[in-house]
Amino acid sequence: MTEYLWPYPNEAGQTEETSCDVLVLGGGLAGCFAAIAAARRGQSVILVEKGATEKSGSGGTGFDHWESACTNPCSKVTPEEIAWAYVREQDWYSNGIGHYIECREGYDRLLDLEHFGGKIRDTEDEFKGAEFRDDETKFMFAYDYRNRFTLRVWGSTFKPALTRELKRLGVRVYDRTEATGLIVSRREGGCGGKKCCGGAFAMDVHTGKFLIFRAKSTVMCMSRPARVWLFNPDTVGLCEFRPLQSIGSGHAMGWRAGVEFAMMEKSVRAEFSAAGRSFPPYGTGNNHNTWYAATMVDARGVEIPYVDRDGRELKTVSERYYPAPGQKFFLKGGVIDNPKYEYRGPETLDFDELIRRGYQLPFYADLSRMPESERRVIWGMMVGEEAKTKIPIYQNYTDRGFDPEKHMLQSYGTGWQSANFLEQERQFFGAPGGVMHDWDLQTNIDGLYVAGDETFASDCAGAACSTGYYAGRKAAESASAIDSIPHMERSDAEAEKKRLLAPLYVKEEDGISWKELNMAVSKAMQNYCGGVRCEALLMEGLDLLGRFEQEMVPRLYGANPHDLMRIHEVMDILTVSQIVLHASLARKCSSEPLFFRRSDYPEMDPPQMRHHILLCNQDGEIKTRELSLDYFGDLKTEYERRNADYMKEEAGGRKEWQ
Amino acid sequence: MTHENDSCAAGLSAGYSYRPVPCSTRPIIYNQSLCIGCNRCASVCQCDILLPSPVKGEHPIVAYPGECYYCGACVMVCPRKGAIRLEHPLMNQAKYVPVIPESEVLN
């Protein structure tokens with residue numbers, strides 16, 4: 001087979017060491033905002049991104065709606081109402097702090113984005129007079145048209161705007177650089193005896209150069225884990241919902257450093273894997289999320305009724321966007337799947353009921369029966385601005401001849417996901433586990449902060465931007481309060497460099513590929529940590545993954561830095577899988593809100609087990625502790641105690657930044 | 001500061017290499033007559049699946065087609081309309097049919 005020369009320089013063996021006040025790991029929405037917050041406060045900031053910041057992360061090519069912007073001028077709900085609703089909807093296995101920050105500061109971040117050149121209003125009057133538009137502010141709303149706290153936005157403009165702003169503020173952006181390990185100081189005294197973070201190790205994924213970023217404080221804004229149960233070695237990029245390289249390296253490096261985790265036992269039956277059982281997200285007929293509330297018809301063209309929470313059939317399209325009689329507001333969005341009665345919005349009739357009534361598969365989304373503005377806002381704005389839809393869905397379908405006035409788009413399977421996954425095919429979706437943090441978004445390690453998908457029970461884009469900015473300003477405050485960068489052991493750097501480059505020295509004929517290991521891990525997780533778990537199975541899983549770690553990881557081989565990056569990812573996937581196994585062992589009950597079933601502890605949510613089980617790895621030993629689900633206290637009180645300066649100087653866009 | 005070839009990787013003598021990775025799909029297809037070889041697509045791809053062509057002015061090599069996440073960033077930043085096409089594999093092409101006018105629906 002032909003071999004080509006690698007187009008980038010070979011810098012394996014070289015080391016670059018640099019320092020800053022605040023280091024941000026991950027250049028998605030959360031990371032960009034963390035860096036901006038710190039830079040605005042006069043801190044020197046480095047941002048490390050594995051891809052290219054201009055279009056990277058889950059919102060890299062767009063997102064179409066921004067949830068919980070409760071302080072926008074048209075909103076009829078308070079931040080308290082919506083944040084507490086999320087907490088209750090999620091049975092308190094919920095990140096109250098993250099939700100409240102989003103509800104309280106999300107709108108401020110939208111104004112920031114507009115200031116940077118992003119589009120948040122219908123400035124061209126394309127939808128003038130539409131029911132979902134406020135003609136004075138030109139804001140456009142989704143879901144609940146009465147309460148107006150979810151905005152339709154032109155998210156494809158956001159990452160380029162954020163990237164320009166980073167540059168303008170002098171943030172040093174290291175693209176094509178994977179963060180691989182945290183620098184943790186164990187020195188007594190320096191951090192009061194507690195562990196503290198002094199930056200991170202990284203590798204240039206084009207050249208193999210090793211990088212040491214030393215910092216007074218660090219914000220981890222990396223992805224949630226992925227490819228733990230779902231893997232396809234042929235179309236790897238389609239395995240999961242989020243970007244291929246977003247696989248939870250932050251979780252893995254955090255675990256190695258002793259960071260504490262919550263809710264890692266939670267996973268749901270998979271919803272998206274276009275490598276096999278499902279279709280490209282938002283690319284089939286459906287009526288959820290981006291497509292809410294599309295008109296659905298059955299195979300005969302008979303319209304499928306929408307009902308409110310009381311089962312009352314809705315007669316008009318407009319009624320699909322309003323709360324039921326006696327209901328103040330309803331919840332819909334990325335982490336809201338099957339809401340409680342209190343928060344349930346309009347929905348098409350339950351599938352089983354439809355079949356009982358004689359509706360026939362396949363179903364279709366038929367936008368031709370909707371008012372013109374609703375049709376145009378779903379197909380053309382929402383499908384177009386939502387991540388991964390502008391080119392592969394909107395443009396390609398249009399090129400193929402799809403016209404929403406003339407055609408209806410097929411729905412597959414039996415539900416809106418257009419997929420039928422097996423119980424053991426699982427995914428981190430709907431507010432999955434992650435790093436535990438306090439009201440400063442600081443972890444159990446001093447100087448280490450988290451935001452976005454790095455936090456436990458994270459939400460969508462609006463939450464990423466809001467928590468990113470919040471963590472960035474807290475990290476800046478902490479960095480400005482200390483004189484020197486925490487200590488780093490040289491031997492830690494040497495060991496990390498050796499670990500990263502090791503696969504270059506393995507001969508192909510003696511080795512295994514990263515794909516083979518990823519396949520083995522996902523099969524092991526389906527077998528030993530699937531829909532129903534028990535102690536013996538989980539122990540088998542740990543045993544097998546332990547053997548992979550001992551025997552197979554040293555045999556991984558790669559021929560260039562791109563291979564190394566994929567190898568490091570799979571090593572991290574292996575680590576994340578081990579966290580999930582440990583977390584599953586630690587919870588000795590079954591749980592509805594965690595989608596967690598144990599055959600040896602079948603009782604669902606016994607009262608004595610209704611708490612977080614926090615997990616961390618202390619130098620190889622697994623430590624657990626319990627934490628009350630309401631540990632965050634009263635959201636408004638606790639927030640206001642800690643953010644008086646922000647409220648006075650910045651909230652509502654009152655500060656003019658230079 | 002940069003330390004040249006310090007202790008741990010000194011043994012690496014051979015250069016990096018790349019071999020085409022077989023894949024059942026072709027996510028990205030270039031139109032050579034339109035592409036100006038500016039490599040904007042390669043510079044923006046977050047999965048880093050494109051390598052700049054060894055021949056100046058030619059389109060990048062789709063080095064890792066299976067790792068495409070189908071986000072469309074490459075097409076969005078391309079300065080020459082039509083020079084690059086991104087399309088989901090055949091299995092993911094959802095079907096659409098003409099609408100059934102409400103007047104023709106049998107209840």
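Overview of values
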{"quantity": "Shape category assigned to region A:473-522 from the gyration tensor of Cα positions, a/c cut at 1.5", "calculated": "oblate"}
{"quantity": "Shape category assigned to region A:272-367 from the gyration tensor of Cα positions, a/c cut at 1.5", "calculated": "oblate"}
{"quantity": "Helix A:514-528 axis, angle to chain A major axis (alpha carbon atoms, nearest 10°)", "calculated": "60 degrees"}
{"quantity": "Selection from A:L169, A:F139, A:G193, by position along the positive dipole direction of region A:106-206 (Cβ)", "calculated": "A:G193"}
{"quantity": "Cross-link partners of A:K50 among lysines (Cα-Cα below 20 Å; sequence separation of 8 or more within a chain)", "calculated": "A:K159, A:K167, A:K209, A:K388, A:K497, A:K498, A:K515"}
{"quantity": "Whole-Hz couplings from phi, Karplus 6.51/-1.76/1.60, listed for region A:363-379; x for Gly and Pro", "calculated": "8, 9, 8, 10, 6, 5, 8, 9, x, 4, 5, 5, 4, 5, 6, 6, 9"}
{"quantity": "Of all DSSP beta bridges in the protein assembly as shown, antiparallel share, percent nearest 5", "calculated": "65 percent"}
{"quantity": "Translational diffusion coefficient (Stokes-Einstein; Kirkwood radius from C-alpha pairs) of region A:1-93 at 4 °C, 1.567 mPa s, in µm²/s", "calculated": "73 µm²/s"}
{"quantity": "Accessible surface of the protein assembly as shown, 1.4 Å probe, proportion on carbon and sulfur as whole %", "calculated": "49 percent"}
{"quantity": "Calculated Rg and Dmax of region B:24-87 using C-alpha coordinates, Å", "calculated": "10.4, 28"}
{"quantity": "Rounded to the nearest 10 Å², the accessible area of A:L585 at probe 1.4 Å", "calculated": "20 Å²"}
{"quantity": "Average Cα contact separation per residue, region B:24-87, under 8 Å, 6 or more apart, as relative contact order %", "calculated": "45 percent"}
{"quantity": "At 1.567 mPa s and 4 °C, Stokes diffusion of region A:432-589 via Kirkwood alpha-carbon radius, µm² per second", "calculated": "71 µm²/s"}
{"quantity": "Helix axis angle, A:96-116 relative to chain A longest principal axis, alpha carbon, degrees", "calculated": "80 degrees"}
{"quantity": "DSSP beta bridge pairing in region A:491-627, given as percent antiparallel to the nearest 5", "calculated": "75 percent"}
{"quantity": "Hits among lysines - C-alpha to C-alpha of A:K623 under 25 Å, sequence gap 8 or more where chains match", "calculated": "A:K194, A:K195, A:K266, A:K588"}
{"quantity": "Integer Hz, Karplus 6.51/-1.76/1.60 couplings in order for region A:63-80, x for Gly and Pro", "calculated": "7, 9, 9, 10, 8, 6, 7, 6, 9, 5, x, 9, 5, 10, 10, 9, x, 5"}
{"quantity": "Area buried, chain A against chain B - accessible surface, total, 1.4 angstrom probe, square angstrom", "calculated": "6600 Å²"}
{"quantity": "Selection of trypsin sites (Lys or Arg not before Pro), region A:470-500, meeting DSSP coil and at most 15 other Cβ within 10 Å", "calculated": "none"}
{"quantity": "Degrees separating the helix A:461-480 axis from the principal Cα axis of chain A, which is the longest one", "calculated": "30 degrees"}
{"quantity": "Estimated dipole of region A:462-578 in Debye, rounded to 20 [Cβ of Lys and Arg +1, of Asp and Glu -1, Cα centre]", "calculated": "300 debye"}
{"quantity": "Loop GluC sites (Glu not before Pro), region A:581-658, which have at most 13 other Cβ atoms in a 10 Å radius of their Cβ (DSSP)", "calculated": "A:E603, A:E656"}
{"quantity": "Point-charge dipole on Cβ atoms (K/R +1, D/E -1) for chain A, about Cα centre, debye to 20", "calculated": "360 debye"}
{"quantity": "Within region B:24-87: Cβ-based charge dipole about Cα centre, in debye rounded to nearest 20 (Lys, Arg +1; Asp, Glu -1)", "calculated": "240 debye"}
{"quantity": "Potential lengthening between A:Y341 and A:L5 on full extension [0.36 nm per residue; Cα-Cα distance subtracted]", "calculated": "114.9 nm"}
{"quantity": "Distance between modelled label sites at A:Q658 and A:D645, nm, 7 Å Cα→Cβ extension", "calculated": "1.8 nm"}
{"quantity": "Region A:521-658 - Kirkwood radius from inverse mean 1/r over Cα pairs (Å)", "calculated": "18.6 Å"}
{"quantity": "Region A:491-627: relative contact order as a whole-number percent, Cα under 8 Å and 6+ apart", "calculated": "25 percent"}
{"quantity": "Pair A:E124, A:S491: separation of 7 Å Cα→Cβ label points (nm)", "calculated": "6.2 nm"}
{"quantity": "Cα centroid of region A:1-30 to Cα centroid of region A:204-254, whole Å", "calculated": "13 Å"}
{"quantity": "Relative contact order (percent, whole number), chain A, Cα cutoff 8 Å, 6+ residue spacing", "calculated": "20 percent"}
{"quantity": "Gap separating the Cα centres of region A:512-565 and region A:114-193, nearest whole Å", "calculated": "36 Å"}
{"quantity": "Sites A:R164 and A:E603, calculated FRET efficiency, Cβ-Cβ separation with R0 51 Å, nearest 0.05", "calculated": "0.40"}
{"quantity": "Per residue value of the accessible surface for region A:491-627 (all protein chains in place, 1.4 Å probe), Å²", "calculated": "43 Å²"}
{"quantity": "Cα convex hull of region A:305-445, projected area averaged across orientations, nm²", "calculated": "12.8 nm²"}
{"quantity": "GluC sites (Glu not before Pro) within region A:68-133: DSSP coil, no more than 11 neighbouring Cβ in 10 Å", "calculated": "A:E124"}
{"quantity": "The protein assembly as shown, Rg to Rh (Cα coordinates; Rh as Kirkwood inverse mean 1/r)", "calculated": "0.95"}
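The values are calculated or read from the model by the stated rules, or taken from the named source; none is laboratory data. These numbers were taken from a predicted model, which means no experiment stands behind them. In this analysis, Cβ positions are derived from the backbone assuming ideal geometry, glycine residues included, and neighbour counts consider all displayed protein chains. All accessible areas refer to the heavy atoms of the entire protein, side chains included, with ligands and DNA or RNA removed. Shrake-Rupley method; radii C 1.70, N 1.55, O 1.52, S 1.80 Å.
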